[in-house]
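K.L.:
Quick one: the structure is below, and I'll ask about it shortly.
The numbers here are math on the coordinates, done by the rules we state, and not lab data. Worth saying up front: this structure is predicted, and the values here are computed from it rather than measured. Backbone-built Cβ (ideal geometry, glycine too); neighbour counts: all protein chains shown.
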Amino acid sequence: FFHVGRIADSNAGALDGQLTVSNGGKILVEGNGPDSTFSGFQVARDPGATGLLTIDGGEVELRTGAGAENGKFFHVGREAGTDGELRIENGGVLKTGGEATSFSGNLGRNGGSSGTMVVDGVGSRFEVVDGAGSFTSSLHVGRDETRDLTISNGGVVDLNLGPGASSVSLGQGAGEDG
């Protein structure tokens, strides 16, 4: 997986990061085999970090191959004191592969974090395709913090969740808003 905005080591302090995937560019994040780790990304992971991932006419795909024991994920604003933003615009696409593994997406994962996702414009799309089987999939907007998901100007969020225990939650934690 990859990080945008993270602490490199204890002496470096928090890092601010920006990554833009544009004009037909593509990032494929793939885990294969029984020893593979999760396939995903984190924007603004560690306390004090900020991060911006922009998918502007490009594509990011999360996929796990045959035999993978772990699933696909993303966190936008993970720990307290982080500020993460994910923008999908101008026909950009973020999607998960349809393999039989779990998926978890979190905007504002832990208390004190900030996570925002914007899907804006015709052709701009966030798509979750859950594989066959009893694997779980979830999208949390404000899991333990107040966060935002904005879908505008023809943007699409397609949560094609499978038969497992799947959910979408807005303001999941006690007293939280989504």
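K.L.:
What's the FRET efficiency of residue 122 with residue 23 using the Cβ-Cβ distance as r and R₀ = 25 Å, to the nearest 0.05? Walk me through the numbers before you get to the answer.
P.N.:
Numbers: r = 17 Å, r/R0 = 0.67.
Plugging the Cβ-Cβ distance into 1/(1 + (r/R0)^6) gives 0.90.
K.L.:
Could you sort 40-48, 114-122 so that the peptide with the highest average Cβ count within 10 Å comes first and the rest follow in order? It would help to have the intermediate numbers written out before the result.
P.N.:
Working: 40-48: 23.4, 114-122: 20.8.
So the peptides 40-48, 114-122, ranked by packing, come out 40-48, 114-122.
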